[in-house]
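Everything below concerns the one structure shown next.
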Amino acid sequence: GQNIDQPTEMTATEGAIVQINCTYQTSGFNGLFWYQQHAGEAPTFLSYNVLDGLEEKGRFSSFLSRSKGYSYLLLKELQMKDSASYLCAVDPAGGGNKLTFGTGTQLKVEL
Amino acid sequence: DSGVTQTPKHLITATGQRVTLRCSPRSGDLSVYWYQQSLDQGLQFLIQYYNGEERAKGNILERFSAQQFPDLHSELNLSSLELGDSALYFCASSPLAGGTTDTQYFGPGTRLTVL
């Protein structure tokens with residue numbers, strides 16, 4: 001089975017940096033996705049980590065440690081539009097592509 | 001806009017009824033996935049089809065079924081609807097059957113309300 005944990009809510013200030021953590025326990029593992037979801041809208045792809053280390057993509061970076069079952073999403077220069085839910089999803093090993101999502105971290109960016 | 005389309009956007013129906021949700025994948029994508037998102041459960045994987053064949057199955061209820069047609073669009077059929085089936089239903093597509101570079105792109109969703 002799979003178990004994914006993320007904080008439920010976080011609040012940060014516009015222009016600041018925020019780190020959203022995700023820990024997972026899984027029987028198989030290919031990699032880990034991060035998605036952003038605004039309320040009532042579709043999840044949109046942010047990043048995919050397969051190997052240990054940091055992947056940087058503009059204001060967003062994602063880190064993975066396979067040995068520790070740990071990932072984080074780092075958001076820099078926060079903007080009000082970054083207020084959304086951030087979903088961590090495990091891509092399991094084996095056939096198919098049945099992602100298991102965490103319940104998401106609701107980020108609120110304040111002035 | 002991800003390129004994945006879903007219809008209808010909203011659906012209101014009564015308990016015991018049957019509905020069909022439709023999804024068209026991004027051009028060139030062979031896999032279609034269905035997810036259910038309710039307030040208390042988060043995003044739950046239901047089923048994956050790849051090039052017309054069922055590829056992976058999640059905790060999909062027996063009252064639910066899906067298929068992928070030769071033109072690669074997919075339909076999710078929900079029958080004997082219950083109040084608890086009220087949720088957002090998302091379709092996603094990806095180019096391949098799975099694997100380390102096969103990113104899923106989500107459609108805008110269908111909001112189902114069962115009264």
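Okay, here's what the table says:
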| quantity | calculated |
| --- | --- |
| Taking N as its residue count, the alpha carbon Rg of the protein assembly as shown over 2.2 N^0.38 Å | 1.01 |
| The protein assembly as shown - charge dipole about Cα centre, Lys and Arg +1 at Cβ, Asp and Glu -1, debye rounded to 20 | 140 debye |
| DSSP bridge pairs, the protein assembly as shown: antiparallel proportion in percent, nearest 5 | 90 percent |
| At most 12 other Cβ within 10 Å, DSSP loop - GluC sites (Glu not before Pro), the stretch B:6-97 | B:Glu62, B:Glu82 |
| Lysine pairs in the protein assembly as shown with Cα atoms under 16 Å, if 8 or more residues apart or on separate chains | 4 |
| Low-density loop cleavage sites - trypsin sites (Lys or Arg not before Pro) in the stretch A:21-90, where at most 12 other Cβ are within 10 Å (DSSP) | A:Lys68 |
| Nearest-20 debye value, chain A charge dipole, Cβ charges on Lys, Arg, Asp, Glu | 200 debye |
| Volume in Å³ per residue [convex hull over Cα atoms, computed for chain A] | 94 Å³ |
| Rounded to the nearest 20 debye, dipole of chain B from Cβ charges on Lys, Arg, Asp, Glu | 180 debye |
| Residue order, fewest to most beta carbons within 10 Å, for B:Ile60, B:Ile47 | B:Ile60, B:Ile47 |
| The stretch B:1-46: proportion of alpha-carbon pairs further apart than 12 angstrom, % | 72 percent |
| Options A:Ser85, A:Leu54, A:Ser67, ranked by Cα towards positive dipole end of chain A, top entry (Cβ charges) | A:Ser67 |
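Bear in mind these aren't lab numbers, they're just calculated from the coordinates by the rules spelled out. Fair warning: this is a prediction, and the values are worked out from it, not measured in the lab. All Cβ positions, glycine included, derive from the backbone under ideal geometry; neighbour counts span all protein chains shown.
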